[in-house]
Amino acid sequence: MNKTFLAVLVTGLIAIAIGAALWSMRDTPGLPDPALPDFDYASPASWAVQPDMPPPAVWETDWEIDVLVLSRGEALETGDADALERQSRKADEALERLAGAFGGIGPVYTPFLRADSFDDDLAAAVAQYLSTDNRGRAFIIATDAPLPSTLASVFDGDALLRDRFGGVLMYGDVPDAGIALSTYASGLCSRRFNAAAGCVVPVDLRRSGASYELSGAEVLTGGFVGWLRDNAARLAEPLGDLEEIEIIEIQKPPEPE
């Protein structure tokens with residue numbers, strides 16, 4: 001009886017040990033990758049490239065052109081912490097090179113964007129640039145992806161904004177390099193362009209060592225400043241906040257009886 005019990009006990013312990021070993025080697029479901037944080041485009045940390053010093057406002061100098069570079073190719077994707085760090089470093093370096101290519105046109109602004117929120121991030125970055133950094137300056141957009149149609153509504157109600165928007169430079173392998181010319185012409189292109197031509201121009205970026213060389217942009221940028229001088233109104237310098245003035249009722253002397 002004791003020998004039988006001992007044999008059963010040993011067999012049970014062996015089975016438990018084997019089961020524990022198999023359990024420890026099972027495929028465990030991985031934790032979901034952490035979501036990318038929202039970008040706050042009021043913070044310099046959300047931009048790969050911005051001018052070191054704010055360029056002069058249009059009321060301080062003559063017309064000059066800014067460039068907003070919007071890259072889907074370098075948009076960040078959800079991943080684990082190590083993957084995100086590698087992505088961010090790679091995107092930062094690539095966006096710096098892109099900024100160098102377009103820097104011959106004027107000061108460059110290049111935001112970090114998320115792949116799964118590309119349109120929303122793009123709209124938020126453009127809105128931040130227009131509200132804070134633009135200060136009445138002329139500007140163009142360089143992009144490797146179609147712009148969201150909602151962007152046209154930003155320009156629709158502001159004729160002065162549309163006039164100083166120079167158009168879109170398309171770079172990279174875009175399936176339709178002439179993205180929605182007719183749509184853009186109706187809601188985004190300034191009166192410098194006719195509806196048939198639109199304001200979207202494909203450009204060529206070629207690697208030259210560690211940098212890029214840009215060609216073809218002059219089709220859009222050539223003559224733009226001259227056209228602005230002849231046709232566009234410059235914004236006046238804002239008055240700023242007016243001090244509150246306290247109004248005190250004047251006491252009249254009593255009339256003689």
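The values are calculated or read from the model by the stated rules, or taken from the named source; none is laboratory data. As the structure is a computational prediction, the values presented were derived from the model and not from experiment. Every residue, glycine as well, gets a Cβ built from its backbone with ideal geometry; the counts of neighbours run over all protein chains shown.
How many residues are modelled with pLDDT of 85 or more and either loosely packed, with under 14 Cβ neighbours inside 10 Å or under 12 Å from Pro202 (Cβ atoms) (or both) if we restrict to the stretch 145-159? Explain how you work it out, then say what you get.
Here is the first cut: in the stretch 145-159, the ones modelled with pLDDT of 85 or more are 145, 158-159.
With the extra rule that they be either loosely packed, with under 14 Cβ neighbours inside 10 Å or under 12 Å from Pro202 (Cβ atoms) (or both), the set shrinks to 158-159.
Qualifying residue count for the region: 2.
Taking the stretch 101-116 as the range and being touching a residue at least 60 places away in the same chain (Cβ under 8 Å) and closer than 10 Å to Val49 by Cα as the test, the residues that pass are Tyr109, Thr110, Pro111, Phe112.
Working only within the stretch 43-87, note down all residues that are among the polar types (S, T, N, Q) and touching a residue at least 24 places away in the same chain (Cβ under 8 Å).
We begin by selecting, within the stretch 43-87, every residue among the polar types (S, T, N, Q); these are 43, 46, 50, 61, 71, 78, 87.
Residues satisfying the conditions are Ser46, Gln50, Ser71, Thr78.
Just name the residue that is farthest from the chain's Cα centre (by Cα) out of those in the stretch 95-126 that are part of a helix (DSSP H, G or I) and over 20 Å from Leu169 (Cβ atoms). Result: Asp116. The residue that is modelled with the lowest pLDDT, counting only those in the stretch 74-96 that are closer than 22 Å to Tyr212 by Cβ and buried (at least 17 other Cβ atoms within 10 Å of the Cβ), is Gln87. When each of Asp66, Asp52 is tested for being surrounded by fewer than 17 Cβ atoms within 10 Å (Cβ to Cβ) and closer than 12 Å to Tyr109 by Cα, the lone residue that passes is Asp52.
Going by the conditions given, is Arg135 in contact (Cβ under 8 Å) with a residue 60 or more places away in the chain, on the phi > 0 side of the Ramachandran plot and charged (D, E, K, R)?
yes
Condition (residue is in a helix (DSSP H, G or I) and under 22 Å from Arg234 (Cα atoms)) applied to the stretch 48-59: is it met by at least one residue?
No: the stretch 48-59 contains no residue that is in a helix (DSSP H, G or I) and under 22 Å from Arg234 (Cα atoms).
Scanning for something touching a Phe, Trp or Tyr at 6+ places or on another chain (Cβ under 8 Å), under 25 Å from Asp62 (Cα atoms) and either assigned to a loop (DSSP other than H, G, I, E, B) or modelled with pLDDT under 80 (or both), does the stretch 163-176 turn up at least one residue?
Let us first name the residues in the stretch 163-176 that are touching a Phe, Trp or Tyr at 6+ places or on another chain (Cβ under 8 Å), namely 164-169.
Of the ones still in play, those that are also under 25 Å from Asp62 (Cα atoms) are 164-169.
Among the residues that remain, those that are also either assigned to a loop (DSSP other than H, G, I, E, B) or modelled with pLDDT under 80 (or both) are: 164.
Taking every residue of the stretch 163-176 in turn, at least one turns out to be touching a Phe, Trp or Tyr at 6+ places or on another chain (Cβ under 8 Å), under 25 Å from Asp62 (Cα atoms) and either assigned to a loop (DSSP other than H, G, I, E, B) or modelled with pLDDT under 80 (or both).
Just for the stretch 120-138: of the residues that are surrounded by fewer than 21 Cβ atoms within 10 Å (Cβ to Cβ) and aliphatic (A, V, I, L, M), which one is nearest to Pro107 (Cα to Cα)? Filtering first and then ranking leaves Leu130.
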